[in-house]
Amino acid sequence: MFKKLISRCLSLYSISPLDLADAAETNRIHTLFMSTILFVFGIFGLVVHNAIHEVEPFPYRIYFALFMAVSLLAFVIAYKTKNVAREKAYIWKTFPFYLDFCLGIGAGVYNFYILGQPFNGFITYCITGVIAVCAFSFSPFLFLFCLLAWFAVLVPGIYKNFSLTGLIDSILAVITMFSLSLYKRRAENKFILMLKKQKKNLEAKTFGNFTLLYENKVIKFSRTKSTELVAYLIYKNGSSVRTKELISVLWGDYADSARYGASLRNLIVDIKHSLAELEIQQFFITEYNNFRINPEAIKCDYYDFLAGDSNAVKNFAGEFMSQYTWAEEAAGFLERKILN
């Protein structure tokens, strides 16, 4: 019976790392954002406490120094893993999230015992869990393990400070966070299945001239450069691209960001509007001034080639997105792969 339960859980809540590669990129971008906030919080805390106290209490120095050190480490790892291969993306891009997550709930325990602030400590613990559920994609069982590992440390203090009623409420809080993580993972699973169905109808042809098709019909955008923007993001294979790079690609290396920023925003609106009319979901993604496409939501000869598909390799005749000058280097790269 226990084996059946495990099998059932795996079928409901297990998703392959490759299917989660795009979610991993979202984890990476959110981690960059959260790590920056935590690092600034550490600096701000040290500055404020030094201003208030002539002699800084040692536990507070440790507290804010940990925020700065761990958040900086998480930021560096998240930044360095931008171009990790999609097969390894979920592990490497999600690892920095766990650093920040453990920092947050660990800070709750530190508040609870070392700083002598039980209420503040438990609130910090809970807020960290809620933010994780809302903003990140992760294994619910690993999430539960992290929650319980720190909660076990908190139990004696919760019972001592808040009595049995407080302990029961805290257990309910942990159960609620875990339940929400299970619900979110099931929703992710259903969403990935929906994308796989959509993938049958959405196709990019990159050998020769670039063409984007939906249900065997060319997708026509209102602006010419909208197609080029999508083509470049497809070439980037799921990696995030920032505004400055897109402006450079579309209008030249010396294009003024201030001048062409509005033009880029118009292209973004055009692409979103055109895809929404066709009910194409989670293909073109924008987050915190980062832009990318989700390779798991589209069929593409270029992606098949990179995966070693023999038909895709046979169909490549030396031309790749021929109408764009920036694609010449990529065509050379594909030719070298064939020769090797």
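The values are calculated or read from the model by the stated rules, or taken from the named source; none is laboratory data. Small disclaimer: the values here were computed from a predicted structure and weren't measured. Cβ: placed from backbone, ideal geometry, glycine included. Neighbour counts: every protein chain shown. Accessible surface areas use protein heavy atoms only, side chains included; no ligands, DNA or RNA. Shrake-Rupley method; radii C 1.70, N 1.55, O 1.52, S 1.80 Å.
Listing for the model above:
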item: Ranked order, W92, W326, W251 - accessible area, probe 1.4 Å, largest first; result: W92, W251, W326
item: Crossing angle, helix 224-235 versus the chain [Cα axis fit, 0-90 degrees, rounded to tens]; result: 60
item: Contour excess over end-to-end distance, with Cα ends at M194 and V48 and 0.36 nm allotted per residue; result: 47.6 nm
item: Relative contact order of the chain, defined on C-alpha pairs under 8 angstrom at six or more residues apart (%); result: 16
item: FRET E, pair N216, V76, Förster distance 56 Å, beta-carbon r, rounded to 0.05; result: 0.80
item: Accessible area of F41 in the full protein assembly, 1.4 Å probe (Å², nearest 10); result: 80
item: Between helix 328-339 and the chain: long-axis angle, C-alpha atoms, 0 to 90°, nearest 10; result: 90
item: Pairwise FRET efficiency - L148 versus A69, Cβ, R0 = 25 Å, nearest 0.05; result: 0.50
item: Radius, Kirkwood style, for the chain when every pair of distinct Cα atoms is counted (Å); result: 22.8
item: Accessible surface of L167 - all protein chains present, 1.4 Å probe, nearest 10 Å²; result: 30
item: Accessible area expressed per residue, segment 202-340, with surrounding protein chains retained (probe 1.4 Å, Å²); result: 54
item: Hull shadow area, averaged, segment 151-236 [alpha-carbon convex hull, nm²]; result: 10.1
item: Å² per residue, accessible surface of segment 85-144 at 1.4 Å; result: 40
item: Scaled radius of gyration (Cα, divided by 2.2 N^0.38 Å) that segment 219-340 gives; result: 1.11
item: Spatial separation of Cα centroids for segment 211-253 and segment 111-183, in angstrom; result: 44
